[in-house]
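To start, the structure itself, in structure tokens.
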């Protein structure tokens, strides 16, 4: 099984579709971290993607103590610091880490955009989580050509 972390954004939606096309819809499990303050249009987009994938997107949540990022900030009295945003830790990272321990999976798919910032974020992620079994797109063809620039 491949876990596709679906965020209700176009990048993770396309990454999930590419994973399904590569590994098969029965071998890819899209998972979404729901929060109460998410935009109401996420539900519509989720339904459309489920039709596109011909597969349900599983919804997971942080412990009931926290409904959204505002709840985390109010209850923990902490916004952001050297270790990052507290709400990201509580609402996403810990939920993902719990699922990584519970599920028997072969790999994970994340949607990172093709920009210097996002490429560096993906590299940091693989360095910080070397056992994460992250799947990367086939890089045999360089992405250079008209209108494209090398990232330095």
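A few points about this structure:
- Taken across the stretch 41-53, residues that are modelled with pLDDT under 90 and either touching a strand residue (DSSP E or B) at 6+ places or on another chain (Cβ under 6 Å) or under 23 Å from residue 3 (Cα atoms) (or both) do not occur at all.
- Qualifying positions in the stretch 25-37 - in contact with a strand residue (DSSP E or B) (Cβ under 9 Å, 6 or more places away or on another chain) and exposed (fewer than 15 other Cβ atoms within 10 Å of the Cβ): 27
- The C-beta contact set for the stretch 46-63 (first residue under 12 Å from residue 16 (Cβ atoms), second residue part of a loop (DSSP other than H, G, I, E, B) and modelled with pLDDT of 95 or more, distance under 6 angstrom, 6+ apart or interchain) comprises 46/57; 50/56; 50/57.
- The lone criterion from (1) part of a loop (DSSP other than H, G, I, E, B); (2) within 20 Å of the chain's Cα centre (by Cα); (3) modelled with pLDDT under 85 left unmet by residue 88 is number (1).
The values are calculated or read from the model by the stated rules, or taken from the named source; none is laboratory data. All values derive from a computational prediction rather than experimental measurement. No Cβ is skipped: glycine too gets one built from the backbone with ideal geometry, and neighbour counts run over all protein chains shown.
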